[in-house]
Amino acid sequence: MTVATDTPMVEAKMVSKSFGSNEVLKSISLRVDRGQVMCVIGPSGSGKSTFLRCINHLERIDAGRLYVDGELMGYREKGDKLYELKPAEANRQRRDIGMVFQHFNLFGHMTALENVMEAPIRVKGATKKDAAARGRELLARVGLANQAGHYPAQLSGGQQQRVAIARALAMDPKLMLFDEPTSALDPELVGEVLDVMRELAESGMTMVVVTHEMGFAREVGDAVVFMDGGVVVESGDPHEVLTNPQHQRTKAFLSKVL
Amino acid sequence: MSDTQRPEGADAAASTPSVDTAAVHTERAETIRAVRLRHPWRNTVAVVLILLVLLFVLDAAQREAFQWDIVGKYIFDTRVTQAAFITLALTVLAMLFGIILGLILAVMRLSPNPVLKWIAWAFLWVFRGTPVYVQLVFWGLVTLIYKTVYVGIPFVHTWAEFTITWTPPLFMLAVIGLALNESAYMAEIVRAGLLSVDPGQEEACTALGMSWGQTMGRVVVPQAMRVIIPPTGNEVISMLKTTSLVVAIPYSMDLFGRTSDISATIFAPIPLLIVASIWYLFFTSVLMAGQYFVEKRFARGSDRSRPAVGGVVVGAEGVAGVGIDVGGKG
């Protein structure tokens, strides 16, 4: 099956998600096109991180459909019935989607290079030599060529997050998800991570970025989505939404963060 | 007073910072040469204790009851060295099976399946809740408890009936008894280790498309080892000593059983207790040294509480760099 190039990279149709009786996503519908950078902003508890985790099926959705590159995530649809995918099938879907976490989640017992090499070797069956060459290349791309042999605990937060980005890129993803990648960083380290992300966006990567960095959203984002209380309140061109918000809730939020 | 002085001091510091830093680099205050504080009681207590220990050692060396000549005669006796080997074999085998079963029990306790969880919990409840000595007596009587085995539907129909005539060797019963008891403790140690690994690690693996087996084998278990290894080392040392309880089965080829038997024939219990103690001490000392090196091996990498790790590595690189420079010049 060939996928037409106009298939959106991410398409969410009426996606809902509850934790117990608490509905954190309420019928979210949105699409991210190929090569687009979508920034998701909003107060904490608005459901933006949960939505991001639904995209690669780290969280199971309760209602609606979520497609990545035309493929239904987490389920197989046959007739009018949905069948849950086996872990191996779900993993196959995830391997093309890179994810960067707020707390880096680097493997603490592996060096930076080993972190980047691990998934290509184990999941894609790459040889050690190829994985190492590609790993060094990616570490150089995020500006850490000299830190390849360092363990995560020996790196600053900004360096760790850049290793995490290289680790995700090592799987040659078609989509990158960023879950508040700079929120756990000291202020002076935020810039180096945003620079790497900006470079990545310029190279044509499709990205969904949950962030509190309004400057990044305005400069790099092709679209911005403002979420609050589990719904998309407002979305559109970053300059429009950030400088001229239409909704009261967006205005209230932006007045606090800008 | 101090209220008025403090802002003045702050002003002075704020207005002349450059002068202060310059002073630090050029001048140095005189090194303090004070009279050291004396600790007379500390020294007195130390001297008294040393004298007491010396007295005890001198007394022990001469005391008839210890019969040192018999200790010397039996320490390398073939029967004793064989028994020492059996104690070692019991320890190794019991720990091996104990760790394997403990690992299975720990995974069962963390499983989402409530039946597995409940069975593991019940196992731990029984084996941690009864003394190991009592358990070993039970294992010694196992052939009396299970004389016959029925195959069929309980209380309704029996298809076949087997009479068990085979008597398992006592050594095997000792290993089983020790291993099952140990597995209950190892299960808790392994469980604590697995739970100590940040759930974010597993999440990162999942996001990269790694399977559960890869996640456990490559990422979670290696990091759990740092928490699992130290108490496991203690368990090995403890197991070496617990093997002396196999007399409860009754199995008496181990170090303590064998030395007791010898002492019964030559009517000299005390020197043979010393022989056994010397061997136990030798083995535990070797194990303690081994534990130290294994712990060092698994502490590598992510220990946040010891930022010195980074300093050591940087320092080592620096030293290596200097070495190469010097060599080049030479």
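Every read-out reported here was derived from the displayed coordinates using simple, explicitly stated rules and does not represent laboratory data. Note that this is a predicted model, so its numbers are computed, not measured. Neighbour counts are summed over all protein chains in view; Cβ atoms, including those assigned to glycine, are modelled from backbone coordinates with ideal geometry.
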- Note on the structure: In deg cm²/dmol, rounded to the nearest 500, the helical mean residue ellipticity at 222 nm of the protein assembly as shown, built from -39500 (n - 2.57) for every DSSP H run of length 4 or more, is -18000 deg cm²/dmol
- Message: On a 20 Å Cα-Cα criterion, which of the cross-link pairs A:Lys26/A:Lys48; A:Lys26/A:Lys81; A:Lys17/A:Lys124; A:Lys48/A:Lys124; A:Lys17/A:Lys48; B:Lys117/B:Lys241 come out too long?
- Response: A:Lys26/A:Lys81; A:Lys17/A:Lys124; A:Lys48/A:Lys124; B:Lys117/B:Lys241
- Let me know the mean shielding of A:100-107 by other chains, meaning the per-residue number of their Cβ atoms within 10 Å of its Cβ. 5
- Query: According to the square roots a ≥ b ≥ c of the eigenvalues of the Cα gyration tensor, what is the shape class of the protein assembly as shown, taking rounded for a/c under 1.5, prolate for a/b larger than b/c otherwise, and oblate for the remainder?
  - Reply: oblate
- Message: Could you tell me the center-to-center distance, by alpha carbons, between region A:120-175 and region A:36-84 in angstrom?
- Response: 27
- Item | Sequence-distant residues sharing a close amide H with A:Glu234 (under 5 Å, placed H) | A:Phe226
- Amide H to amide H under 5 Å from A:Gly35: which residues, 5+ apart in sequence or cross-chain, H placed 1.01 Å off N in plane? A:Thr206
- Note on the structure: Computed over chain A, the relative contact order (Cα-Cα under 8 Å, seq sep at least six) in percent reads 25
- Applying the Karplus parametrisation 6.51 cos²θ - 1.76 cosθ + 1.60 with θ = phi - 60° to the phi angles of region B:149-156, what ³J(HN,Hα) value in whole Hz is obtained for each residue in order, glycine and proline being reported as x? 10, 9, 10, x, 8, x, 6, 10
- Residues of B:209-216, mean number of Cβ from any other protein chain within 10 Å of their own Cβ, rounded to a whole number? 5
- Query: Which whole-Hz couplings ³J(HN,Hα) result when phi for each residue of region B:67-75 is put into the Karplus expression 6.51 cos²θ - 1.76 cosθ + 1.60, θ = phi - 60°, listed in order with x for Gly and Pro?
  - Reply: 6, 4, 4, 5, 4, x, 6, 9, 4
- Of the peptides B:46-54, B:172-180, A:137-145, how do they stack up when ordered by the mean number of other Cβ atoms within 10 Å, highest first? B:172-180, A:137-145, B:46-54
- In chain A, if every C-alpha pair distance is counted and binned at 10 Å from zero, what percent goes to each bin? 7, 29, 35, 22, 6, 0
- Convert each backbone phi in region A:39-46 into a coupling constant with the Karplus relation 6.51 cos²θ - 1.76 cosθ + 1.60 (shift: θ = phi - 60°), then list the ³J(HN,Hα) values in order as whole Hz, x for Gly and Pro. 9, 10, 10, x, x, 5, x, 7
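Show me the ranking of peptides B:263-269, B:191-197, A:53-59 by mean Cβ neighbours inside 10 Å, starting with the highest. Before the final figure, lay out each step's value.
Working: B:263-269: 12.6, B:191-197: 17.4, A:53-59: 21.7.
Final packing ranking: A:53-59, B:191-197, B:263-269.
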- Would you mind counting up the charge near B:Met95? Only other residues with Cβ under 11 Å from its Cβ, with Lys and Arg at +1 and Asp and Glu at -1. -2
- Distance from region B:157-178 to region B:206-243 (C-alpha centre basis), Å: 32
- Task: Please work out, to two decimal places, the log10 of the ratio I(q)/I(0) at q = 0.16 Å⁻¹ from a Debye calculation in which every Cα of region B:71-301 carries one identical scatterer.
- Result: -1.15
- Quick one: which residues, 5+ away or cross-chain, put their amide H under 5 Å from the amide H of A:Ala63? H built at 1.01 Å from N. A:Ser16
- Task: Could you name the aspartates and glutamates whose alpha carbon sits less than 19 Å from that of A:Lys13, not counting residues in the same chain fewer than 8 places away?
- Result: A:Glu23, A:Asp33, A:Glu59, A:Asp62, A:Asp69, A:Glu71, A:Glu77, A:Asp80, A:Glu84, A:Asp228, A:Glu234
- Within 10 Å of each Cβ in peptide B:84-93, how many partner chain Cβ atoms are there on average? Round it to a whole number, please. 0
